Amino acid sequence: MEAYDLFDKTLTVSEANGLIHDTVEEMFYDLSIEGEISGFRPASSGHWYFTLKDSAAAIDVAVFRSAQISMMIPKNGDLVVAKGSLSYYTKSGKLTFIVREMKKKGDGLLMEIIEKRKAYYRSLGYFDENIKKPIPEEIKKLGVVTSATGAAIRDILNVTKRRAPSLDIILFPASVQGDGAADEIALRIRQANNFEACTVLIVGRGGGSQEDLAAFSEPEVIEAIHDSAIPVISAVGHEIDWPISDFVADKRAPTPSAAAEIVTETIFRRKERLDKTLIFSTAMMKEKVSDASSRLTACLHRLSEMEKKILKYKSRIPSTEDLRRMLLLRVQNAETRLAYSQESIEESFKAQLDDANLSLEKTKKAIDDCLAAAAEKAKTRLLLAEREINHSIGKMLREKEAELKSAIKENEALSPLAVLRRGYSVTTDENGKIIRRTKDATLGKTIRTRLSDGMITSVVKEG
């Protein structure tokens, strides 16, 4: 719809709002607005909604979740510079400023400078991991560059006193904020290196605003940390604070107390092991002393009992002469008993031998009688068996002989020779084929006639 048509036309609300929507979103797409945050209310969706105002006016603002990555969380009363586009919602006729970028006024310029400086030193390789020096496990002296009156040195001293009370600490006092702070911090770092005063150097301070921590992002401090031959731990602010010193240092600690824990870790672990070893050794020593004391008491008791027995039997111990006579008498008694025992053994052995011979004779006679009786019984059984076998064989032979004669008679009755003996004959040709009809005997053919007592050969002349 052309602009000159609006004067002569009545618009609906939808048409008017649509026209305003198109105009606003086409013309106001990249604005920077400065103002104070009021009525900040984060939604469950993750988006932020608030009002941006000054002394005379206000505008509704929305920050979508996807745009919040590079922003700090705002709070009511913050003075900010927001960059974005105007959006007009046609259904309700509401105008909203959609913010893509937002910075606190005052911190914005400082953060921009720090980010540019960070990119520069990153391009020089100051942040590369391969150039960072390892923190030694054995730390003889700890150097600390910080304010002599600040909370950082108190936190470090409290941690080291608890975890490694024997660790030597050298304080290199320096201003940690304001004009000239960066130069002082860099000077102390270089002094520590020039005198080789310590094994590890903690450079840091407590938390604060971006302006308070700015000294640790200055080129003087960055260069001094980078050039340090002593390993440097940067411990500036709180967990959320990341000045450039954290990136260039050999190790970053979220707080000064955490840095103190890092450098005392080996000593603390060794102290723990020594304490445990001492407790264990003391317990073992007490146990061994107690055991040795018990054994000593037992030995003394047994010694006392032994002394009592010695005193009791001392009067009963004979002299050497008495012992000699006693031994001689015992030997004589033993010889006598041995002689008697020898005679007794011989007599007993002879009696046992006679008994054994007599028993052997009786046993031999009994065996002979038994064998003779057994032989007689076996002979009788053998004769009976022989008779039974002969009778059985004779009966079997007679039965077989009768069977044979019967078979012979049957065979003779069935034999062709028996037929021939009754006057019959059998005529065959030269090949032994039986001639049954006259036509089989042709003229001139040789035939053979089998009789009971022999063979006749003929030649056919008539037929």
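The values are calculated or read from the model by the stated rules, or taken from the named source; none is laboratory data. These figures come from a predicted structure and were not determined experimentally. In this analysis, Cβ positions are derived from the backbone assuming ideal geometry, glycine residues included, and neighbour counts consider all displayed protein chains. In case anyone asks, the SASA skips ligands and DNA or RNA and just uses the protein heavy atoms, side chains included. Shrake-Rupley method; radii C 1.70, N 1.55, O 1.52, S 1.80 Å.
Are any of the residues in segment 151-158 more than 17 Å from Ser257 (Cα to Cα), within 51 Å of the chain's Cα centre (by Cα), free of Cβ contacts under 8 Å to residues at least 24 places away in the same chain and open to solvent by 50 Å² or more (accessible area, probe 1.4 Å)? Scanning segment 151-158, I find no residue that is more than 17 Å from Ser257 (Cα to Cα), within 51 Å of the chain's Cα centre (by Cα), free of Cβ contacts under 8 Å to residues at least 24 places away in the same chain and open to solvent by 50 Å² or more (accessible area, probe 1.4 Å), so the answer is no. Is there a residue in segment 24-35 that is acidic (Asp, Glu), in contact with a Phe, Trp or Tyr (Cβ under 8 Å, 6 or more places away or on another chain) and assigned to a helix (DSSP H, G or I)? Checked against the condition, which is being acidic (Asp, Glu), in contact with a Phe, Trp or Tyr (Cβ under 8 Å, 6 or more places away or on another chain) and assigned to a helix (DSSP H, G or I), segment 24-35 yields at least one hit.
Given (1) open to solvent by 30 Å² or more (accessible area, probe 1.4 Å); (2) part of a helix (DSSP H, G or I); (3) at pLDDT below 95, identify the lone condition not met by Glu196. Here Glu196 meets the rest and fails (2).
On inspection, Gly178 passes the criterion of being assigned to a loop (DSSP other than H, G, I, E, B), modelled with pLDDT under 95 and over 22 Å from Glu34 (Cα atoms). Close Cβ contacts (under 8 Å, 6 or more residues apart or on different chains) running from residues in segment 42-59 that are under 15 Å from Met102 (Cα atoms) to residues that are modelled with pLDDT of 90 or more and part of a loop (DSSP other than H, G, I, E, B) comprise His47/Phe64; Tyr49/Ala43. In the set (1) within 17 Å of Asp227 (Cα to Cα); (2) more than 44 Å from the chain's Cα centre (by Cα), the condition left unmet by Glu112 is number (1). In segment 173-187, the qualifying residues are those that are hydrophobic (A, V, I, L, M, F, W, C) and surrounded by fewer than 22 Cβ atoms within 10 Å (Cβ to Cβ), and the one that is farthest from Phe216 (Cα to Cα) is Leu187.
Among residues of segment 86-113 that are within 21 Å of Phe216 (Cα to Cα), those with a Cβ under 6 angstrom from a residue that is at pLDDT below 80, sequence gap 6+ or separate chain, pair up as Asp107/Gln210; Leu110/Gln210. Are any residues in segment 115-150 free of Cβ contacts under 8 Å to residues at least 24 places away in the same chain, surrounded by 11 or more Cβ atoms within 10 Å (Cβ to Cβ) and more than 43 Å from the chain's Cα centre (by Cα), and if so, which ones? Once the filter is applied, which keeps residues that are free of Cβ contacts under 8 Å to residues at least 24 places away in the same chain, surrounded by 11 or more Cβ atoms within 10 Å (Cβ to Cβ) and more than 43 Å from the chain's Cα centre (by Cα), segment 115-150 yields Glu115, Tyr120, Leu124.
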